[in-house]
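The values are calculated or read from the model by the stated rules, or taken from the named source; none is laboratory data. If you're wondering where the values come from, they're calculated on a predicted model, not measured in any experiment. Here Cβ is always computed from backbone atoms with ideal geometry, including for glycine, and neighbour counts include all displayed protein chains. Protein only, heavy atoms only, side chains kept; ligands, DNA and RNA dropped before computing areas. Shrake-Rupley method; radii C 1.70, N 1.55, O 1.52, S 1.80 Å.
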Amino acid sequence: SRCCCICGVRRHYTHPSSPLLPCPATHPVMRVSVAFAQLAAASTSHEAAAANPIRRVVSLLQSMQVKIEAEGEKQDKLFAKFQCYCESNTAKLADSITDAKAKIDSLGTDIESSTQDRTQTVADLADAKESRESANKAIEDATRQRNKENAEFESTSTDLKTNIAALDKAIPAIENNMEAFMQTGTSALLQAVRSARDVSEYDRTTVQSFLQARGQSAEGYTPQSGEIVGILKQMQDTMKADLKEATTKEAEALADFNELVASQNKAIQAATDAIEEKTEQSGSLAVQIVQLKNEKSDVAEQLEADTGYSEQLGKDCEQQTKDYAAVKQTRADELLAIADTVKILNDDDVLDLFKKALPASSLLQVQTTQKEVAAQALAALKGAHSKRPGLDLIALALHGKKMSFDKVIEMIDGMVDALKKEQVDDDSKKAYCAKEFDETEDRFKDLAHEKERLDQGHSNLDAAIKDTKEKIAALEQGIKDLDKAVAEATENRKQEHDDYVSSTAQDQAAVQILEFAKNRLQKFYNPKLYKEAPKRVLSEEEKMYSAYGGDIGTTPAPGGLAGTGVSAGFVQIKQHTVDAPPAAPQVGGYEKQKGGGVMGMIDRMINDMKTEMNQHKLEEEDAQEDYEKMMQDSAEKRAADSKAVSENESALAEAQSDLATNKDNRRANSKNNAETHGYNQDLHQACDFLMDNYDTRKSARTEELESLDKAKAVLSGADLSLVQTKSSAKFLAA
């Protein structure tokens, strides 16, 4: 709000650039008042010299008319600019609001889509983690089962090997030297017999009886070694077969286990790759969602601000239009009033009347006299040496001729009560002032401490905002530099790849030409090594046409470079001019040259070119691998930098919000300080006189009370006789 340019009344203006329009009802009155004040001054200054003062009034009214019309034209131009301002800004705000609504809808769709993508990514990430855990558990279970099976195999294998070893020793011993066998220990053999499979109970009992009979004397022994050896050999064969079968199953189980572990390791690696990919993708989507939400929030805030400003602008423009219509109507009414007044005052008869009219004057003189009464009471009052208006009023009443002493006494009583009340008020005000001075001083200290804290906070926030802006600028510049480096690397990689493709095509064409040339030499020098050109493959149409007797023609000569059938591709061939052939030499019989050296050179050239092609291929693969790694690293760095930018922007926004709050608090502190200073000044104005003159005022008031008591005593003891009053008046008329 600002003050009106004419009347000074505070009015509301929405925009700083809004033109200042005068108040619709007050400014004409101001002009008329000023005009008549000037008229009065002019009349007073030049009354003696004016032959016809009404002419001056008419001239002044005509000057006012010209001035009002000029101001009207100026205000019309200002209002036209204001209307243009309203129209243009209304249109701009409408476009901005429409764009913001569309942007919010688009961002909402993007946020929903990104949220769904991230939800799916998180679900995929959970599935990948579950798959990896499942694969790890499968390996753990398989390892546990493998260890168990291996332990069983080791136990069985050890037993079988022990039993077979015992049989390997016992069978030859029984066959060759029964007496020596009977003298050796048989516990191992008994254990082997007991654990043997696929052996009848009769055979097992027979062998055990045989072995247990070793303690008898040789004379009482009935030889049955042949049957025993047969049974033992059968046991031995069965145990060896069991050992072989167990070993085979163990190898198969180990192979199956290794295959399972390899398969699950692949699954684990695939799940790990998926986890890394989905984790990065989830992080990128999360950053993207936050950025989209921040952008949507900014657009929504801008939309709210634009909508509010548009509504307020519409109201202000409508109100200004109504106000200016009232201004124009008031101006027209004023001009009409001035014109009518000028018409009236310019009439010849009116001018003659004012020439003949003369001013008149009168004088009233009043003379009064009074008789002095109550001299003693007046003397008592004068003893107080006070200039208090109440005492003067009482003294004036005593000077009066018709004033009753009872009335004067009543006035004295009222004065006494007033003086006592004043003393009570002074006592209360003194205590109040002392208390307020202390509290104001404490308030000043608190405000000073608060200002120091706010100033320090302002400095810290300024530094933090500056540092954050520098970080954001550095990160954004780093992203730009990274994007530029990636673009340059991509362009270089593309150019290198194009060069590789072109070079490879040229090398392949050169190799094909050399092989073609070598094959042509082989046809002459080594016909057995010559390779015929592939026969022409007929199409279905050509086969049908030939079957019905049609002539499909001969196989066309090979095209390409020098009729080799090799396409030039990227190879650039230098054109030569063809000279006329020389005359044929006179020769005798023809003798073949030795072509081995030439073909050997061609072979070396072909090998060199193939080696070079392989080298180029390896270099291309290395370059592509380096490029892909660089692109991956760049993408990760860009994502990290973008996330850092977003985080720093959030921190910057928070710091700026804190700074705005700090500025508001500083303004509030400054305002409170100014208000406290103003209150302190008012307090000093109200209290300083009392605090400095409290004792003097109290002493003077006590003296006044004593004088009043004396005057009351005099009046109370006086002879209340009739007071006679004499008065006279004179009236003089000019």
Ranked packing of 250-256, 643-649, most packed first, by mean Cβ within 10 Å: 643-649, 250-256
Translational diffusion of region 256-310, µm² s⁻¹ [Kirkwood Rh, Cα pairs; Stokes-Einstein; 37 °C; 0.692 mPa s]: 221 µm²/s
FRET E, pair residue 617, residue 168, Förster distance 60 Å, beta-carbon r, rounded to 0.05: 0.45
Prolate/oblate/rounded call for region 53-185, Cα gyration tensor, a/c under 1.5 rounded: prolate
Net charge over other residues, Cβ less than 15 angstrom from the Cβ of residue 270 (K, R count +1; D, E count -1): -3
Per-pair calculated FRET efficiency, R0 = 51 Å: residue 307 and residue 421 via Cβ, rounded to 0.05: 0.25
Fraction of accessible area attributable to carbon and sulfur, region 226-285 (%, probe 1.4 Å): 55 percent
Cα-centre dipole for region 61-148 with unit charges at Cβ (Lys and Arg positive, Asp and Glu negative), debye to 20: 480 debye
Environment charge of residue 678, counting only residues whose C-beta is closer than 14 Å and scoring Lys/Arg +1, Asp/Glu -1: -1
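Between residue 439 and residue 532, 0.36 nm times their residue separation minus their Cα-Cα distance comes to what?
21.6 nm
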Sequence ranges 281-289, 682-690, 263-271, ranked by mean other-Cβ count within 10 angstrom, highest first: 281-289, 263-271, 682-690
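From the square roots a ≥ b ≥ c of the eigenvalues of the alpha-carbon gyration tensor of region 401-519, which class results: rounded (a/c under 1.5), prolate (a/b over b/c), or oblate?
Prolate.
How would you rank 138-144, 407-413, highest first, on the average number of other Cβ atoms within 10 Å across their residues?
Peptide ranking by packing, descending: 407-413, 138-144.
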Segment residue 127-residue 295, extension gain: residue separation times 0.36 nm, minus the distance between their alpha carbons: 57.3 nm
Entries in 129/471; 480/617; 103/469; 129/637; 92/328 that, when Cα-Cα distance is taken, lie over 31 Å: 129/471; 480/617
For region 86-100, Karplus couplings with θ = phi - 60° (6.51, -1.76, 1.60), whole Hz, Gly/Pro x: 4, 5, 5, 5, 5, 5, 5, 5, 5, 4, 5, 5, 4, 4, 5
Local electrostatic count, residue 668, Cβ distance below 11 Å [Lys/Arg +1, Asp/Glu -1]: +2
Cα→Cβ-extended label distance, 7 Å offset, between residue 607 and residue 337, nm: 12.2 nm
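Please find the FRET efficiency linking residue 458 to residue 265, where r is the Cβ-Cβ separation and R0 is fixed at 60 Å, and quote it to the nearest 0.05.
The calculated FRET efficiency here is 0.45.
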